[in-house]
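The values are calculated or read from the model by the stated rules, or taken from the named source; none is laboratory data. Source: prediction; values computed, not measured. Ideal geometry is used to build each Cβ from the backbone, glycine not excepted, and the neighbour counts take in all protein chains shown. Just the protein is used for accessible areas: all its heavy atoms, side chains included, with ligands, DNA and RNA removed. Shrake-Rupley method; radii C 1.70, N 1.55, O 1.52, S 1.80 Å.
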Amino acid sequence: MVPCESTERDRMLADAVLKIQDDSVDAGESMTVGSAGDGAPVSSRLLDTLAAFTRHRDAAALDHSLVLSLAELTSAHSAVLARRALDGPYVESIVHCVLGPSGYQVHLADADKVELGMKLLHRCLHRLEVQSAVVDGLHRLVVPIMREGKAIGALQLDSPMAPQACQPLAEGFARIYANYTALLQESERDKLTGLYNRRSLDRQLQRMLHERELAQLAPPQPEPAPEPGIEENRHPAALELQHVWLAILDIDHFKRINDNYGHIYGDEVILLLAQQMRACFRRNDVLFRFGGEEFVILFSAADEATVRAVLERFRQRIAEYGFPQVGSVTVSIGYARVGKHDYPASALDRADKALYFAKQNGRNSTHGYENLMERGLLGREMAAGSIDLF
């Protein structure tokens with residue numbers, strides 16, 4: 001499988017460079033792009049940039065690399081990547097690269113609070129067409145990122161260069177990004193549900209721990225107005241005060257569902273449960289299908305009371321949901337706090353012990369490892385649960 005992916009990436013890069021060269025020549029542009037470079041031919045600079053761009057195996061790192069590469073190649077004052085969710089038309093993440101006094105800075109913006117300046121970008125996503133305008137004395141260019149006739153995102157550049165000068169480059173990168181992310185998703189996503197697979201756990205866990213560490217080092221931010229409900233302590237602005245938590249959930253009596261209704265309905269239960277997970281948890285919570293009827297959730301929260309409330313809300317949501325043909329389905333959930341230097345297998349093991357306790361004590365319930373230990377309900381010699389750690 002790996003040689004095939006490598007061959008596809010090499011072919012894709014070669015085709016992209018040739019296409020961008022042809023487009024640049026057709027547009028009558030010189031083969032040197034941007035003023036920040038060293039004057040090297042665009043083909044040479046592109047190969048270096050694309051080689052660095054496609055070495056990433058993580059979608060978040062790829063997004064950061066894309067906006068930084070485009071900004072540097074076009075001498076843009078800012079570059080924005082808006083990426084849509086796999087399961088809907090809403091914008092899932094926004095990565096913003098801005099030119100500052102010390103060079104380009106890349107940060108992740110809050111997709112729930114898209115600034116008004118993104119109006120042109122949303123028009124591009126809606127119409128599936130390149131958009132351009134002059135904003136604050138700069139040329140703004142927005143190109144859609146298309147895959148199989150659908151816009152999976154958009155790239156926005158604010159640059160002193162005229163749109164026709166950098167449009168071939170932006171469109172070329174958009175094509176490469178669309179193809180390359182398809183390869184990444186195939187390797188890190190579960191084919192049935194579209195959730196992350198277990199191979200992605202280590203990378204996603206390290207990313208969340210790193211983000212929390214950076215938040216702790218950053219200058220304190222003004223505290224936002226509290227939001228009503230149980231989500232209050234999960235506000236993104238309070239990330240430096242939050243901990244990372246890992247939860248494992250398991251569909252109760254799933255074998256009985258397969259035996260009584262067949263694997264087609266069993267797969268439908270798994271698919272619908274994944275949809276309910278996406279609807280219930282936040283966009284920046286990371287959802288996995290570990291295989292079979294087991295799922296894992298990584299998320300941040302300030303305390304165990306909030307964690308339990310969030311997971312209990314989901315458990316009750318599933319218990320009240322009517323699954324076609326099957327009817328009522330319940331889940332058992334175990335969770336544990338993830339330490340700064342935790343190995344994924346250690347965190348999984350603790351959460352799995354809490355899940356095993358839930359399974360052995362009536363199912364359709366939520367239990368936390370730390371709480372069970374404090375109450376003396378988990379013995380030292382307790383057998384491992386059902387999840388395969390390796």
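Does any residue of segment 132-140 turn out to be more than 21 Å from the chain's Cα centre (by Cα), in a helix (DSSP H, G or I) and of a type outside the set (Phe, Trp, Tyr)? Outline the logic, then answer.
First pass over segment 132-140, keeping only residues more than 21 Å from the chain's Cα centre (by Cα): 132-140.
Next cut, in a helix (DSSP H, G or I) only: none.
Looking through segment 132-140, none of the residues is more than 21 Å from the chain's Cα centre (by Cα), in a helix (DSSP H, G or I) and of a type outside the set (Phe, Trp, Tyr).
In the list Ser365, Ser328, which residue meets the criterion of being farther than 13 Å from Trp245 by Cα and free of Cβ contacts under 8 Å to residues at least 40 places away in the same chain?
Ser328
Which pairs have Cβ atoms under 7 Å, sit 6 or more apart or on different chains, and link a residue in segment 166-195 that is among the hydrophobic types (A, V, I, L, M, F, W, C) and modelled with pLDDT under 85 to one that is part of a helix (DSSP H, G or I) and open to solvent by 50 Å² or more (accessible area, probe 1.4 Å)?
Listed by first residue and then by second, the contacts come to Leu183/Glu8.
Would you please name the residue that is farthest from Ala85 (Cα to Cα), looking only at residues in segment 152-178 that are open to solvent by less than 10 Å² (accessible area, probe 1.4 Å) and among the small types (Gly, Ala, Ser)?
Looking at the filtered set, the residue picked out is Ser159.
For residues in segment 107-124 being of a type in the set (A, V, I, L, M, F, W, C) and either surrounded by fewer than 12 Cβ atoms within 10 Å (Cβ to Cβ) or modelled with pLDDT under 90 (or both), which is farthest from Ala174 (Cα to Cα)?
Ranking the qualifying residues of segment 107-124, first place goes to Leu116.
When you scan segment 279-286, do you find a residue that is under 26 Å from the mean Cα position of the chain (by Cα) and without any contact (Cβ under 8 Å) to a residue 24 or more places away in the chain, even just one?
Among the residues of segment 279-286, at least one is under 26 Å from the mean Cα position of the chain (by Cα) and without any contact (Cβ under 8 Å) to a residue 24 or more places away in the chain, which makes the answer yes.
Could you name every one of the helices (runs of 4 or more DSSP H) located completely within segment 280-377 that has at least 2 residues being more than 24 Å from Asp190 (Cα to Cα), open to solvent by 60 Å² or more (accessible area, probe 1.4 Å) and of a type outside the set (S, T, N, Q)?
Output list reads 304-320, 369-374.
Quick one: would you say Val142 is free of Cβ contacts under 8 Å to residues at least 24 places away in the same chain, crowded, with 16+ Cβ neighbours inside 10 Å, of a type outside the set (S, T, N, Q) and over 28 Å from Arg198 (Cα atoms)?
Yes.
If you go through segment 184-200 one residue at a time, how many are more than 15 Å from the chain's Cα centre (by Cα) and among the hydrophobic types (A, V, I, L, M, F, W, C)?
In the first step, residues of segment 184-200 are kept if they are more than 15 Å from the chain's Cα centre (by Cα); the result is 191-192.
Subset that is among the hydrophobic types (A, V, I, L, M, F, W, C): 192.
Total meeting the criteria: 1.
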